[in-house]
Amino acid sequence: MGSPNPYDWQHHEPATEVPRALVGPLVEELLGGGGAVVVGGRGMGKSVLLGQVRAALERSAGVRVLHFPSSPRSLAAQDCFAMLADQLAEPAAADLRTSHALFERYFGRQGEQLVLLYDEFDRYAQAPAPGASVPGRLFFNDLESARRAFPGLGILAVGTLGVFVFRDVLGSSFLSRAARFWMSPFERDEMRRLARAFEARGQALSEGVLDTLELASGGNPALLTYGLQHLWRIEAPAERDVAGIFTRFQDRYGEFLSDVTKAFSDPALSRIPQRVWEVVAGARGPIARGELDQICRSSGGALRLTVADALHLLQAAGFVRIDGSAISDDPLVVLPIASLLSLPEVSPPAPGFAERLWRDLETLLERLFVSSTDFFRPGLVKGEKPLVPESVFSAFFALGFGLLGWQVERETQRVAGRTDLALRRNNSPELGIVEVKIWGRRGTEEAHRQVESYWTPEVAAGAVVMLTDAEIADWAETYRRKCLEPSGMTTVPELSGDSVLRARFHAVSRTPEGLEARIDHFLLQLPRGRR
């Protein structure tokens, strides 16, 4: 374990780098003398992408690249201009008052193409003082005027909400002609590339660990890197380690998570993205475009965001996947991405320990249902996509309960074996037990007795989560008949009309030691693909 850790989520120059698909189209646009804007959320790898674009451009003959990682502190247009002149190394630039004049002299002496890369574009949309004009607008409009005059000049800027401040509040001739590109989370192949350092040292991560890492991070490159950085220190990482790592992340780096949300939702600018997200997060199927159109029309704010703008912002922040066109489809198929970012963080008060356990579990099952497409992975047979293993579902629930304030122990040794989840609340003596099963696999019919076998006087409540992706006729009755009635236990069905569950049973039995075991059973069918 002595090899240096190749992962550091705090820095923009990763030792293990994953090529981004946007690099090729961006390079093509810039070499053609175009302007471009990339929109990406916090932690989505905007600065790393700029570095990859720069490297690709510098491999082209006759191309000079200037990279501006941040704006001048003053934000004054003349300071932005001076920073550009300094990088161009143009002497006597003080007598050149416009970008056009600067580039005229530059291209008059140089035969090479020139590409300008601007990071932190949002900063240029800020005023140096309240009520003051925004000099960044003047500077970029000046740059755009020069770009149109000199075919050898390309400009790329990277930002988030500031892009729309330029468009809707300030007005920008640069944005009016710039090609727009949207970042998106890593897919599984990109995750594998990022994790290849484990394979190189002979300790490749298991599929279960990769599944859990994907579900915890949502493919956000910064969160993925954080997870890999901490898994590197563990001799034989397991799914439960991933859940623990990201539960601790919430405590240590909560401000980062807040910044991720602020990247697409600033109430001072617009409430539209947040309101659209709330609809998407609660949707159980395709969404009528008219419902989101109404949000965009009725929500106040400085930004005039369309449905497509809001959905693309959520995608660029790593919150959703868009299946189809955000511009023209009706209804819209927008899928929330399962991750630390989309899990609930507040557990409302409840009358007792058992009631809180069961209610929080049902909340997590609702999140699992709406993000169900993330819980399938390619199988060994071409075209098949089975559910992820039970251990991955258990890790997902461990993370979810941890974020809701529960103390979670995975695979705790109990009287008769190891239980999936043992849960405490505020370090109370009461204990809750949750067992996760996939219907039809080994042990499903004995799930109640399995939880019962873990019972001790400190256990106050138990739960069985039974999952399937299959259409099962009369599943609730089949479950009652096969799994509950043979033991002669009392069962009470409990299911509200708006629940995502196929069935829920409240079962009471007695252990051989005479202890009363209160175990609720939650049956959930996970939809595949388009809901």
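The values are calculated or read from the model by the stated rules, or taken from the named source; none is laboratory data. The model shown is predicted, which means the values in this text are computed figures rather than measured ones. We place every Cβ from the backbone using ideal geometry, glycine too, and count neighbours over all the protein chains shown. With ligands, DNA and RNA removed, areas are computed over all heavy atoms of the protein, side chains included. Shrake-Rupley method; radii C 1.70, N 1.55, O 1.52, S 1.80 Å.
Quick notes on this one:
- Within the stretch 214-241, considering residues that are without any contact (Cβ under 8 Å) to a residue 24 or more places away in the chain and either open to solvent by 30 Å² or more (accessible area, probe 1.4 Å) or not in a helix (DSSP H, G or I) (or both), the one farthest from Ser339 (Cα to Cα): Ile234
- Among residues that are out of contact with any Leu (no Cβ under 9 Å at 6 or more places or on another chain) and hydrophobic (A, V, I, L, M, F, W, C), Leu335 is included.
- Those residues of the stretch 286-308 which are in contact (Cβ under 8 Å) with a residue 40 or more places away in the chain and open to solvent by less than 20 Å² (accessible area, probe 1.4 Å), in sequence order: Ile287, Leu292, Leu303, Leu305
- Count of residues meeting criterion [assigned to a helix (DSSP H, G or I) and over 22 Å from the mean Cα position of the chain (by Cα)] in the stretch 286-311: 9
- Considering residues of the stretch 55-77 that are within 16 Å of Tyr118 (Cβ to Cβ) and touching a strand residue (DSSP E or B) at 6+ places or on another chain (Cβ under 7 Å) only, the residue most open to solvent (accessible area, probe 1.4 Å): Arg64
- Taking (1) out of contact with any helix residue (DSSP H, G or I) (no Cβ under 6 Å at 6 or more places or on another chain); (2) at pLDDT 85 or above; (3) open to solvent by 20 Å² or more (accessible area, probe 1.4 Å); (4) not in a helix (DSSP H, G or I) in turn, Pro91 satisfies each apart from (2).
- Residue in the stretch 317-333 that is among the polar types (S, T, N, Q), within 15 Å of the chain's Cα centre (by Cα) and not in a helix (DSSP H, G or I) present: no
- Filtered residue count, the stretch 1-54, keeping only those that are in contact with a strand residue (DSSP E or B) (Cβ under 7 Å, 6 or more places away or on another chain), over 26 Å from Leu257 (Cα atoms) and part of a loop (DSSP other than H, G, I, E, B): 2
- With respect to (1) under 30 Å from Pro331 (Cβ atoms); (2) modelled with pLDDT under 95; (3) out of contact with any strand residue (DSSP E or B) (no Cβ under 7 Å at 6 or more places or on another chain); (4) surrounded by fewer than 18 Cβ atoms within 10 Å (Cβ to Cβ), the lone exception for Ser265 is condition (4).
- The stretch 50-66 residues that are within 14 Å of Val18 (Cβ to Cβ), paired with ones that are open to solvent by 50 Å² or more (accessible area, probe 1.4 Å) (beta carbon under 8 Å, 6 or more apart): Gly51/His12; Gly51/Glu13; Gln52/Glu17; Gln52/Pro19
- Flag if Asp211 is over 22 Å from Ser99 (Cβ atoms), open to solvent by 20 Å² or more (accessible area, probe 1.4 Å) and acidic (Asp, Glu): no
- Among the residues of the stretch 313-338, those that are of a type outside the set (A, V, I, L, M, F, W, C) and surrounded by fewer than 23 Cβ atoms within 10 Å (Cβ to Cβ) comprise Arg321, Asp323, Gly324, Ser325, Ser328, Asp329, Asp330, Pro331.
- Residue in the stretch 375-392 that is under 27 Å from Glu255 (Cβ atoms), open to solvent by less than 40 Å² (accessible area, probe 1.4 Å) and in contact (Cβ under 8 Å) with a residue 40 or more places away in the chain present: no
- Summed over the stretch 356-374, the residues that are hydroxyl-bearing (Ser, Thr, Tyr) and either modelled with pLDDT of 95 or more or surrounded by fewer than 21 Cβ atoms within 10 Å (Cβ to Cβ) (or both) give a count of 2.
- Qualifying residue in the stretch 157-169 (condition: touching a strand residue (DSSP E or B) at 6+ places or on another chain (Cβ under 7 Å), of a type in the set (Asp, Glu) and either buried (at least 16 other Cβ atoms within 10 Å of the Cβ) or in contact (Cβ under 8 Å) with a residue 24 or more places away in the chain (or both)): no
- Residues being modelled with pLDDT under 90 and either among the aromatic types (Phe, Trp, Tyr) or open to solvent by less than 30 Å² (accessible area, probe 1.4 Å) (or both) - total across the stretch 471-490: 1
- Taken over the stretch 491-523, the residue count meeting the criterion of being closer than 17 Å to Glu458 by Cα, open to solvent by 20 Å² or more (accessible area, probe 1.4 Å) and in a loop (DSSP other than H, G, I, E, B) is 4.
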